[in-house]
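The values are calculated or read from the model by the stated rules, or taken from the named source; none is laboratory data. Predicted model, so just to flag it, every value in this text is computed and none were measured. Neighbour counts are summed over all protein chains in view; Cβ atoms, including those assigned to glycine, are modelled from backbone coordinates with ideal geometry.
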Amino acid sequence: MAKDFYELLGVDRSASAEDIKKAYRKQALKHHPDRNPGDQEAEGKFKEICGAYEVLSDERKRRQYDQYGHDAFTRTRSTGPTGDPFDIFSQVFGSNAFDSFFGGGGRARQGPEQGASLRYDLQLEFEEAVFGVERDITIPRAESCDRCQGSGCEPGSSRRTCSHCRGAGQVTMAQGFFSISQPCPHCRGQGETIDSPCHDCKGGGRVQRRKRIVVSIPPGVDTGMRVRVGGEGEAGTRGGPPGDLIVVIHVREHEIFKREADDLYCEVPVPFHIAALGGKVRVPTISGPADLTVPAGTQSGKVFRLRDKGVPSARGHGRGDQHVSIAVEVPTNLSAAQKQKLREFAEVCDDGVFPLLHRFLERTRKFFE
C-alpha cells in the first residue's frame, strides 16, 4: 500500500505550502543518497519524499489527492509523481545544491578570477555629508606580488598540469550506485601545481599590504549609502581584474538639524511679542543664517518652509528645503515693571484677542456647567 504523502513529509493535512516546503527540505537533506552512501533504504525514502513533495507542492494535484487519495491519479487521469527526484531536489535547493551540501567539486579554476570587493565603513560629520568631502583612508588588502607578477611561481619557473587530476581540478570517487566528484586534494581544484613557489607570496600570487586611498564623497550622501571606488579592492588571481572598494557611509547626528531625505528640519524659539506683533527673526541654515518673516499672530508649532535651503540631492540635481518650526517663548524672570505692563495689557484684552481659547471654551462649556 502506498504511503500517505503527508505522513512521509511529517506534516498535517492543513499544512501551508511553506510548511510543506520546509518539511521537504528537512527530510530530503536527511535521506539524500549522497549522505547515506550504500543505504538502499535511504535512497528509496528519498525518492518517496520527492514524489510526495511533487504532488503536495502542486495546488491542483494536492486538491485531487486530498479528495481521492492515491486513486486520484487513476480516477481523474491525472499524473502522479513523475519527476526525477534529483531534479526536484535541485529545483528546491538550487542548481549548486550538490556543491553546497555534499562537497562536490567544480571545474578547474585555471582562468583569470576577479579579486574580492572590500567594504570600508566611513564616519562623516553632518556638514561633510551635506556638501561632500575628500577623505584619506588606509585599507588592508591583497595585492599582486611584485616578485612573481602574480603567477605564484619563483621567477624562472612556471606552473604545470596536475598529474593526479590531469588538469580537471576534480577527482571522481564511486560510492555504491553514485559517483561523487570532489576537488582534487593535490592541486586544490586549480588543475595546476607549482614546483617552485614564489619566495615572497609562498605561491599565492598575492601579498597583504596597506594602501592609502583618497575617496571623494559626493554631496548629499546619507547613512547607509554606498560609494563604489572601482578597482581598489583586492587584486585578482591569474591575471584577473581587481575588485572594488565599497565605502559605506555613516553620518553623525547634528545638534540643530534633523534630516529626512533631502529636507532639513529645525525648531526656532521666537519671543512672544514678535509672534504677536509680527517681525523678522534670524534662523540657522546649513549654508549660513537667513531672515524669516514671522506674521502677526503666529502660534507655536507653525512651520515655515525655506525653499532650496536643504540638502543637495545625491543624484546630482536639485536641493531639498528647510522646514522651520516655531516655538513661541513665554518670558520668565520678569521685573515688577514688566509684570505691571502685562497686567495692563491683559485688562484691555477680550475674547477676540485669543480666538483659540475662545473656541476651546465654547466647545467645553458643558463640562463647567
Condition met for GLY231 (assigned to a loop (DSSP other than H, G, I, E, B), within 30 Å of SER313 (Cα to Cα) and not aliphatic (A, V, I, L, M))
yes
ARG160 - would you say it is at pLDDT below 90 and either touching a Leu at 6+ places or on another chain (Cβ under 9 Å) or within 20 Å of CYS201 (Cβ to Cβ) (or both)?
no
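Here's the yes/no breakdown for (1) touching a residue at least 12 places away in the same chain (Cβ under 8 Å); (2) farther than 30 Å from ARG252 by Cβ; (3) assigned to a loop (DSSP other than H, G, I, E, B); (4) touching a helix residue (DSSP H, G or I) at 6+ places or on another chain (Cβ under 6 Å):
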residue: CYS165; (1), (2), (3), (4): yes, yes, yes, no
residue: GLN190; (1), (2), (3), (4): yes, yes, yes, no
residue: HIS199; (1), (2), (3), (4): yes, yes, yes, no
residue: GLY204; (1), (2), (3), (4): yes, yes, yes, no
residue: GLN208; (1), (2), (3), (4): yes, yes, no, no
residue: GLY224; (1), (2), (3), (4): yes, no, yes, no
residue: ALA235; (1), (2), (3), (4): yes, yes, yes, no
Tell me which residues, restricted to segment 277-296, are surrounded by fewer than 17 Cβ atoms within 10 Å (Cβ to Cβ) and more than 27 Å from GLU125 (Cβ to Cβ).
LEU277, GLY278, GLY279, LYS280, THR293, PRO295, ALA296
Out of segment 250-267, which residues are in contact with a Leu (Cβ under 8 Å, 6 or more places away or on another chain), in a strand (DSSP E or B) and either surrounded by 17 or more Cβ atoms within 10 Å (Cβ to Cβ) or free of Cβ contacts under 8 Å to residues at least 24 places away in the same chain (or both)?
VAL251, LYS258
